[in-house]
Structures are given as C-alpha cells and as structure tokens.
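Visitor: Mind having a look at this structure? Questions to follow.
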Amino acid sequence: MREITNLAEMRTWSRAERSHRQTIGFVPTMGYLHEGHLRLVDRARELTGRAVLSIFVNPLQFGPHEDLARYPRDLNRDRELAQARGVDCLFVPDGKAMYPREPVTRVVAGPAAETLEGAARPGHFAGVLTVVAKLFHLVEPDVAVFGRKDFQQAMLVKRLAQDLDFPTTIEITPTVRELDGLALSSRNTYLTPDERRTALALSRALRLLEQGWRGGEADPATLQRAGMDAMRASGALPEYCALIDENLQPVTRVTARTVAAVAARVGKTRLLDSVVLGEGIGADPRVSP
C-alpha cells in the first residue's frame with residue numbers, strides 16, 4: 001500500500017496508474033475506520049483496478065460548537081485496516097496542505113442542502129462539497145463510493161459530480177449495521193453502554209416506518225409522527241423523521257423507493273440513519289458486534 005501526504009504526488013500517482021490502463025476507485029473518509037468504510041473499499045475494488053482511501057478530518061464541515069477537536073482519530077489503526085482490506089493508496093493530507101490559507105471559495109448546493117442536516121448544521125454541506133470537490137481534483141477517480149446512511153450527503157455529492165461535470169461515477173452502497181440494527185458510525189465510539197442501547201431508537205423507528213408502510217399506511221405525516229414517537233419512547237431526542245425521494249424532496253404519498261431518514265441525539269452524540277422503504281433494515285449487510 002502506497003501512503004501519500006503530498007497533494008501533487010497524489011495526482012501524479014493516479015495519472016501514472018491510469019497511464020497503465022488502471023481505473024481508480026475512491027473512498028473519502030474522515031478516518032477512525034469501521035466495517036462500513038471497509039465495505040466501501042470492497043465495492044471500489046470490485047468496480048475498479050486500484051482503490052484509493054483518503055483520511056482527512058475536514059474542518060470546513062464542522063460548526064463552531066461541534067466535535068472537530070474530539071472527533072476520533074487513530075491513524076496507525078486505520079493504516080492497518082486499510083492495508084489488510086487491499087487499499088492500494090492511502091491518501092492522508094494534513095490541514096495545512098489542504099487549506100494553506102483561509103479558503104474563501106465554497107461549493108454551495110442550493111436549497112436541497114438547506115433541509116434536514118443542512119437546517120440542523122448550517123454551512124455543513126458547503127464544507128462537505130468543497131472538500132469532496134478538492135479531493136476529486138486530486139485523486140481524479142473513475143468511481144467514488146459513498147454509504148447510504150448519510151443519504152442527503154450522498155445525493156448531494158452525486159449532484160455535485162453531475163452539475164460540475166466531474167468524470168466520476170458516484171456509487172451508493174447500503175448501510176452496514178451491527179446485528180441489533182445499529183448503523184455503523186465513527187461517532188458510535190462516543191456512546192456509553194446505556195447510550196449504545198438507546199441509540200437503537202433510530203433503527204427501531206425506521207423498522208416501524210417500514211412495517212407501517214407495508215401494512216398499508218401511505219400518508220407521510222402519519223408515518224413521520226410514528227417515527228418521532230418511536231425514537232422519543234426509546235429515550236432518544238429526535239430531531240427529524242423525513243420521508244423523501246432521491247431528489248431530497250418530501251413525498252406526498254409513501255411508496256416503494258421512498259427514503260426514510262432520521263436524526264436524533266443520544267446523550268451528547270448526534271446520530272443519523274436512513275432506509276429505502278421496500279428494502280428494509282433486515283436486507284442490509286450486517287456485521288457482528
């Protein structure tokens with residue numbers, strides 16, 4: 001596995017691989033890798049000849065009172081996991097390399113980035129899309145792989161690639177879960193044992209929405225209330241329960257392929273989850289606790 005920290009060297013490596021007729025798959029992460037990240041690597045390796053994984057905790061996507069300083073980091077552990085999973089190139093730029101001066105330019109996604117996570121975290125998606133655009137320019141991937149847990153983010157990145165004509169296919173993969181249904185997230189490490197149990201409120205709410213829809217309920221307001229009540233009853237502090245389409249627009253009637261997206265606080269930790277109705281949580285890949 002090649003490890004690169006220099007921006008110009010990253011681009012040079014990708015172009016050299018492409019000159020040898022290799023295609024490049026890319027998995028951007030903020031590190032503290034878990035099985036969900038590694039499944040993205042698996043998919044990148046399935047689709048392309050070379051897999052690049054980046055680790056960069058991007059300050060632009062954190063608000064002034066969010067967890068940038070305490071976001072979990074362990075580069076040695078991440079390096080071992082990446083190498084064991086077959087990553088060909090580990091790209092680990094530092095903040096001074098990515099932002100040698102205060103960046104004034106942002107990629108702004110418009111109204112679709114102002115709802116749900118965008119409403120809860122103003123400026124978050126401008127930070128996400130700006131760093132993704134920079135990474136796409138540096139890595140020049142043929143395919144970039146993202147997880148579906150952060151559904152809004154995945155759809156905005158997909159639109160970024162389309163609107164700005166990046167020659168990159170965006171691949172979205174199913175959420176990876178623990179056996180009890182909890183979606184894998186680096187932020188799960190913040191949870192105490194009691195909070196870990198409470199965090200199941202999100203997947204329980206999504207399962208309830210799936211069951212309600214399969215039982216014939218198609219009114220989004222009714223299902224949203226049920227999802228919020230389910231999270232609250234399990235001890236979480238719900239922020240939203242949304243039923244949306246792939247364009248991130250609220251649906252007027254719930255159908256197969258409607259996406260249910262939820263966010264809630266458990267203690268001091270903010271968690272996200274989502275499911276495509278008709279697929280169900282039970283159909284998602286799972287890992288042992």
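The values are calculated or read from the model by the stated rules, or taken from the named source; none is laboratory data. Keep in mind the model is a prediction, meaning the values are calculated, not measured. Glycine gets a Cβ as well: all are built from the backbone with ideal geometry, and neighbour counts include every protein chain shown. All accessible areas refer to the heavy atoms of the entire protein, side chains included, with ligands and DNA or RNA removed. Shrake-Rupley method; radii C 1.70, N 1.55, O 1.52, S 1.80 Å.
Visitor: Specify whether the C-alpha gyration tensor of the stretch 149-289 places it in the rounded, prolate or oblate class, a ≥ b ≥ c being the square roots of the eigenvalues: rounded for a/c under 1.5, otherwise prolate if a/b is larger than b/c and oblate if not.
Guide: oblate
Visitor: If you don't mind, another one. Is the shape of the stretch 45-187 best called rounded, prolate or oblate, per the rule: a/c under 1.5 gives rounded, else a/b larger than b/c gives prolate, else oblate, with a ≥ b ≥ c the square roots of the Cα gyration tensor eigenvalues?
Guide: rounded
Visitor: Something else about it: Cα to Cα, under 27 Å, and not fewer than 8 places away if on the same chain: which lysines meet these conditions relative to residue 96?
Guide: Result set, ordered by chain and number: 134.
Visitor: Continuing with this model, one more query. Percent relative contact order of the chain, based on C-alpha pairs within less than 8 angstrom and at least six residues apart?
Guide: 18 percent
Visitor: Still on this model: Can you sort 268, 149, 134 by solvent-accessible area, 1.4 Å probe, largest first?
Guide: 268, 134, 149
Visitor: Name the shape class, rounded, prolate or oblate, that the alpha-carbon gyration tensor gives for the stretch 120-175, where a ≥ b ≥ c are the square roots of its eigenvalues, rounded holds for a/c under 1.5, and otherwise prolate holds if a/b is larger than b/c and oblate otherwise. Could the numbers behind the result be given before it?
Guide: Numbers: a/c = 1.91, a/b = 1.18, b/c = 1.62.
Oblate, since a/c reaches 1.5 and b/c is not below a/b.
Visitor: On a 0 to 90° scale, report how tilted helix 75-84 is relative to the longest principal axis of the chain, with both axes built from alpha carbons and the result rounded to the nearest 10.
Guide: 90 degrees
Visitor: Can you pull the one-decimal nm distance between simple spin-label points at residue 77 and residue 164, each 7 Å off the Cα toward Cβ?
Guide: In this crude label model, residue 77 to residue 164 measures out at 3.1 nm.
Visitor: Which angle from 0 to 90°, rounded to the nearest 10, does the C-alpha axis of helix 200-214 make with the longest principal axis of the chain?
Guide: For 200-214 against the chain, the angle is about 60 degrees.
Visitor: Output the antiparallel fraction of DSSP beta bridges having both residues in the chain, as a percent to the nearest 5.
Guide: Of those bridges, close to 45 percent are antiparallel.
Visitor: To the nearest 500 deg cm²/dmol, what mean residue ellipticity at 222 nm is calculated for the chain from DSSP H runs of n ≥ 4 alone, each contributing -39,500 (n - 2.57), summed and divided by the residues?
Guide: Working: 10 runs with 108 residues, N = 289.
The per-residue figure over the chain is -11000 deg cm²/dmol.
Visitor: Rounded to the nearest Å, what's the spacing between the alpha carbon centres of the stretch 138-195 and the stretch 6-84? Just the number, please.
Guide: 12 Å
Visitor: Right, something else. What FRET efficiency would be calculated for the residue pair residue 194, residue 19, taking the C-beta separation as r and a Förster radius of 51 Å, to the nearest 0.05?
Guide: 0.40
Visitor: Enter the angle in degrees (range 0 to 90, nearest 10) between the Cα long axis of helix 35-47 and the first principal axis of the Cα atoms of the chain, meaning the one along which they spread out most.
Guide: In the chain, helix 35-47 runs at an angle near 60 degrees to the longest axis.
Visitor: With every protein chain present, what is the per residue accessible area of the chain (1.4 Å probe, Å²)?
Guide: Result: 46 Å² per residue.
Visitor: For the stretch 75-130, state which trypsin sites (Lys or Arg not before Pro) are in a DSSP loop and have at most 12 other beta carbons lying within 10 Å of their beta carbon.
Guide: Passing sites in the stretch 75-130 are 101.
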